[in-house]
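Heads up, the thing below is written out as structure tokens.
The values are calculated or read from the model by the stated rules, or taken from the named source; none is laboratory data. These figures come from a predicted structure and were not determined experimentally. Here the Cβ positions follow ideal geometry from the backbone for every residue, glycine too, while neighbour counts run over all protein chains shown. Please note that ligands, DNA and RNA were not included when accessible areas were found on the heavy atoms of the full protein model with its side chains. Shrake-Rupley method; radii C 1.70, N 1.55, O 1.52, S 1.80 Å.
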Amino acid sequence: FQSTEITNFIERVREPMFLVQDPDTAALGLGVGGQSTPSTPSDQVEQWPLLAVLPPLYPEWLGDRSFGEIHGTRFPYVSGAMANGIATTDIVIAMGRAGFLGFFGAAGLSRGRVEAAVALLKAELGDQHPWGCNLIHSPAEPALEEAIADLYIREGVKRVSAAAYMSLTPAIVRFALTGLRQDEQGNIHRDRFVFAKISRPEVATHFLNPAPDAIIDGLV
């Protein structure tokens with residue numbers, strides 16, 4: 001195949017592909033689109049063995065479909081919150097408009113810069129497209145971590161990418177639990193979601209278990 005032909009085939013992922021072989025030369029051929037129909041000797045047509053079939057592949061179908069239902073995405077893909085604004089608002093906006101979920105890289109930035117980024121994302125994406133921001137554990141600057149969490153809650157940021165948390169802090173717990181409620185049927189509803197960056201099982205345990213009573217009591 002020529003490179004242009006291969007590119008065209010790669011782009012046609014939503015169509016079935018059929019790999020066949022010339023019975024005389026053993027050359028391989030690729031049919032795209034349509035359907036395969038078994039032939040019989042009575043058809044009086046040359047029979048090319050069908051070696052393989054690749055069914056249509058829809059990127060929307062990959063991953064867990066519930067992810068898209070919960071977060072309003074077309075595709076179950078996330079772009080990470082690369083720190084110091086490397087994951088720019090432009091990336092987050094482009095991802096959201098294309099049906100993906102992007103996180104703004106707020107870690108390492110001043111409160112003012114994060115506030116400006118949130119304002120821009122709200123204006124460009126609002127609640128029509130999914131988006132989120134980074135919240136990083138800042139043991140050397142706990143006041144900044146609290147201020148960023150407070151900003152997110154006040155401005156209605158629904159998703160954060162939590163980074164560098166070796167244990168939970170009041171800031172991340174407050175973000176996660178603010179707006180938590182129970183309906184008349186006993187179903188629990190939450191307004192905000194935490195995407196935890198984890199490196200070890202013991203770190204994951206903190207996010208999979210209920211928040212510590214001591215932190216919740218302190219927040220109350």
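Looking at the range 61-76, can you tell me whether even one residue there is open to solvent by less than 80 Å² (accessible area, probe 1.4 Å) and closer than 15 Å to Ser161 by Cα? Yes, the conditions are met somewhere in the range 61-76. Within the range 96-113, the residues that satisfy the criterion of being open to solvent by less than 40 Å² (accessible area, probe 1.4 Å) and either over 12 Å from the mean Cα position of the chain (by Cα) or more than 16 Å from Val157 (Cα to Cα) (or both) are Gly99, Phe104, Gly105, Ala106, Ala107, Leu109.
Scan the range 15-27 and tell me whether some residue there is in contact with a strand residue (DSSP E or B) (Cβ under 9 Å, 6 or more places away or on another chain) and either on the phi > 0 side of the Ramachandran plot or exposed (fewer than 14 other Cβ atoms within 10 Å of the Cβ) (or both).
Restricting attention to the range 15-27, the residues satisfying the condition of being in contact with a strand residue (DSSP E or B) (Cβ under 9 Å, 6 or more places away or on another chain) are 15-22, 27.
Going one step further and asking which of them are either on the phi > 0 side of the Ramachandran plot or exposed (fewer than 14 other Cβ atoms within 10 Å of the Cβ) (or both), we end up with 22, 27.
Yes - at least one qualifying residue is present in the range 15-27.
Considered as a group, the residues in the range 194-208 that are assigned to a helix (DSSP H, G or I) and over 20 Å from Glu145 (Cβ atoms) include one that is most open to solvent (accessible area, probe 1.4 Å), and that residue is Leu208. Figure legend. Inter-residue proximity from the range 49-71: first residues within 17 Å of Glu11 (Cβ to Cβ) and touching a residue at least 24 places away in the same chain (Cβ under 8 Å), second residues surrounded by 10 or more Cβ atoms within 10 Å (Cβ to Cβ) and acidic (Asp, Glu), beta-carbon distance below 7 Å, spacing 6+ or different chains. Indicated pairs: Pro56/Glu15. Of everything listed in (1) under 25 Å from Ala106 (Cα atoms); (2) of a type outside the set (Phe, Trp, Tyr); (3) in a helix (DSSP H, G or I), the single unmet condition for Gly218 is (1).
So, Gly85, is that one open to solvent by less than 20 Å² (accessible area, probe 1.4 Å) and under 30 Å from Pro16 (Cα atoms) or not? For Gly85, the condition - open to solvent by less than 20 Å² (accessible area, probe 1.4 Å) and under 30 Å from Pro16 (Cα atoms) - is not met.
Scanning the range 77-98 for residues that are under 18 Å from Ala163 (Cα atoms), in a loop (DSSP other than H, G, I, E, B) and without any contact (Cβ under 8 Å) to a residue 40 or more places away in the chain yields Met82, Asn84, Gly85, Ile86, Thr88.
Total residues in the range 153-193 satisfying the condition of being in contact (Cβ under 8 Å) with a residue 24 or more places away in the chain and either in contact with a Ser or Thr (Cβ under 8 Å, 6 or more places away or on another chain) or part of a loop (DSSP other than H, G, I, E, B) (or both): the figure is 13. Scanning the range 123-148 for residues that are outside any loop (DSSP other than H, G, I, E, B), open to solvent by less than 60 Å² (accessible area, probe 1.4 Å) and either without any contact (Cβ under 8 Å) to a residue 24 or more places away in the chain or in contact with a Lys or Arg (Cβ under 6 Å, 6 or more places away or on another chain) (or both) gives Gly132, Ala147. Take the conditions over 18 Å from Asp191 (Cβ atoms) and over 14 Å from the mean Cα position of the chain (by Cα) and apply them to Glu124. Does it pass? Answer is yes for this residue.
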